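Asker: First, the structure itself, so that you have it in front of you.
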Amino acid sequence: MKLPDPFVQLPLLFDAAILAAEIEAIPDSYWKRHPQDFAGNSMLPLIAVDGDPDSEGFSGAMRPTPHLLRCPYMMRALDSLGVTLGRTRLMRLSGHAEVYRHADVGYYWGERARVHVPIVTQPTVRFYCGDADVHMAAGEVWIFDTWRPHRVVNDDTRSRVHLVVDTVGGERFWDMVADGRPHDGPALQSPQRVQASGEPTPELACESVNTPSVMSPWELRLLFDLLFADAIPHAQLATLQQITRRFCNVWHALWARYGDDLEGRPHFRKALDHFVERFRLVGEPLKLRNGPLLVSAFISLIAGYAVNDGTHPVPQSEYTMETDDHA
C-alpha cells in the first residue's frame, strides 16, 4: 500500500516480553523456510487460508492457525489493532542476515497495509524504506509504504522476530494511523498499552473475501492508474496507455453483460489473454520508479487476478525484486 510517509508509528504498545514467551513455547520445528528461500529468513504462519499453517495462498477465508490459538496475548494484541485481519505471520531474521531490497507490487498488497510489531530485536536492526530508515523497538506498532523499495538488515548475532500483519484496516485502525507519527516526527507521548488480562480470548475478525472471481472494471482502472502513475517516461508509454484504455472499455462491456457469472469467464479470459500478449510486446522495455519492470508488476498486480477461472494459477511471490540489483 502506498503511504504519504515511508514509516508511520501507531499510538499502541504491546508487552514484547509476553509475546516472546508465547513464541518460545512453540516448538522450533513448526517454523518454515521463507517462501522465497532467502538465507536466514524463516516464518511461522498465524493466520492463513482456512487456518492451515501449510498454506501460503492469498485467496480464501483467512483464519487463525493452531499456532496462534495457543497464544492468547498475541490474539489480544491482534484484536486491539481494530482491523479485518489478512495473512499474518511471525517473521524471523537470523543474525547477520537481511531481507533484500524489493517492492511489494502484488495484488494482495495493493490495498493492504503491512503492520510490523517487533517482538525480539536489538538496536542494530535497521528497516530501510525509500530514503528513510528506522529501528523499530520491541512492542511498538509500525506500518510502512510497501510500494517503495525496502529492506531489513540484522547486523547482530541474535535473531530478530517481528509479528507481521497484512490488512485492509478498519475504522479504529485508520483513526490510529491518523494519530500516529511519521518516522521523523516527534515521539509519541502516551501510546495505549495493551495489557494481558484474564478475559476470554477475543474472536478475531478475519478476511473471508480477498480476491475477485472477476475484477470489476472500476477496480481494473484503479490498478492501471496506480501502475501508470509510477511508470518511468518512455517513448512507448503513450501507446501502451492507449491500448490499455481500449482493453478497459472491452472489459467494462463484458462486465455489463455478465458481471461475475460463470457464463462470462471464457469471454473475460479470451479478452485478457489477448491483452496480455499486446501489453508484453509494447511494455517490455518500461519500468516503474520503485524498480520492477512494468510488465512484471502488471502480471502480479492485475493479470494474475483479473479473472479466476481455474485455468491460470495466480502469482504466489510476494516480492518483486529491483531488476538492476537482482538480475
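Asker: With θ taken as phi - 60° and the coefficients 6.51, -1.76 and 1.60, list the Karplus ³J(HN,Hα) couplings across the range 76-86 in order, rounded to whole Hz; mark glycine and proline as x.
Answerer: Taking θ as phi minus 60°, the curve returns 5, 4, 4, 4, 6, 5, x, 10, 8, 7, x Hz for the range 76-86.
Asker: OK, next. Residues of the range 190-219 with backbone nitrogen within less than 18 Å of a virtual label 7 Å along the Cα-to-Cβ line of Asp179, please, listed as ranges.
Answerer: Zone members listed by number: 190-195.
Asker: Quick one: if the Förster radius is 25 Å, what FRET efficiency do Lys270 and Leu222 give, using the C-beta to C-beta distance and rounding to 0.05?
Answerer: Numbers: r = 23 Å, r/R0 = 0.92.
That pair, Lys270 with Leu222, gives E of 0.60.
Asker: Another one. Candidates (i) 0.98; (ii) 1.25; (iii) 0.94; which is the computed Rg/Rh (Cα atoms, Kirkwood Rh)?
Answerer: Working out Rg/Rh (Cα atoms, Kirkwood Rh) from the coordinates points to (i).
Asker: Please compute the modelled spin-label separation between Thr211 and Asp52, points set 7 Å along Cα→Cβ, answer in nm with one decimal.
Answerer: It works out to 1.3 nm between the two label points.
Asker: Rounding to the nearest 10 and keeping the result within 0 to 90°, find how far the Cα-based axis of helix 237-258 lies from the longest principal axis of the chain.
Answerer: So the helix axis and the longest Cα principal axis differ by about 90 degrees.
Asker: Using alpha-carbon pairs under 8 Å, 6+ residues apart, how would you state the relative contact order of the range 47-104 in percent?
Answerer: Values: 53 pairs, mean separation 17.5, N = 58.
Worked out over the range 47-104, it gives 30 percent.
Asker: Roughly speaking, what is the stretch gain from Ser29 to Arg70, that is 0.36 nm per residue apart minus the C-alpha to C-alpha distance, in nm to one decimal?
Answerer: 13.2 nm
Asker: Quick one: 3J(HN,Hα) in Hz for the range 192-208, Karplus 6.51/-1.76/1.60 with θ = phi - 60°, rounded, Gly and Pro as x.
Answerer: 6, 8, 9, 8, 5, 8, x, 6, x, 4, x, 7, 7, 8, 10, 4, 10
Asker: Using Cα-Cα distances under 8 Å and only pairs 6 or more residues apart, what relative contact order does the range 9-69 have, in percent? Write out the running numbers ahead of the final one.
Answerer: Values: 61 pairs, mean separation 13.0, N = 61.
Computed value for the range 9-69: 21 percent relative contact order.
Asker: Here's another thing I want to ask about it. Ignoring ligands, DNA and RNA, what accessible area per residue does the range 107-258 give at 1.4 Å, in Å²?
Answerer: Accessible area per residue: 48 Å².
Asker: For the chain, what is the calculated [θ] at 222 nm in deg cm²/dmol (nearest 500), taking -39500 (n - 2.57) for each run of four or more DSSP H residues and dividing by its residue count?
Answerer: The helix contribution divided over the chain gives -8500 deg cm²/dmol.
Asker: How high is the relative contact order of the chain, in percent, with contacts defined as C-alpha pairs under 8 Å that are six or more residues apart?
Answerer: Once divided by the residue count of the chain, the mean separation gives 23 percent.
Asker: Please report, as a whole percent, how much of the solvent-accessible surface of the chain comes from carbon and sulfur atoms (probe radius 1.4 Å). Please list the in-between numbers first.
Answerer: Numbers: 7480 of 14630 Å².
Answer for the chain is 51 percent, counting heavy atoms of protein chains only.
Asker: Report the GluC sites (Glu not before Pro) located in the range 183-263 that are in a DSSP loop and have at most 15 other Cβ atoms inside 10 Å of their Cβ, or state none.
Answerer: On the way: sites: Glu203, Glu207, Glu219, Glu263; in loops: Glu203, Glu207.
Answer by residue number: Glu203.
Asker: Fully extended, how many nm does the chain gain between Asn249 and Asp133 (0.36 nm per residue separation, minus their Cα-Cα distance)?
Answerer: Details: separation 116, 0.36 × 116 = 41.76 nm, distance 4.21 nm.
Roughly 37.5 nm would be gained on extension.
The values are calculated or read from the model by the stated rules, or taken from the named source; none is laboratory data. Quick caveat, the model's predicted, so the values are computed rather than measured. Cβ: placed from backbone, ideal geometry, glycine included. Neighbour counts: every protein chain shown. We work out accessible area using only protein heavy atoms, side chains counted, and drop any ligands, DNA or RNA first. Shrake-Rupley method; radii C 1.70, N 1.55, O 1.52, S 1.80 Å.
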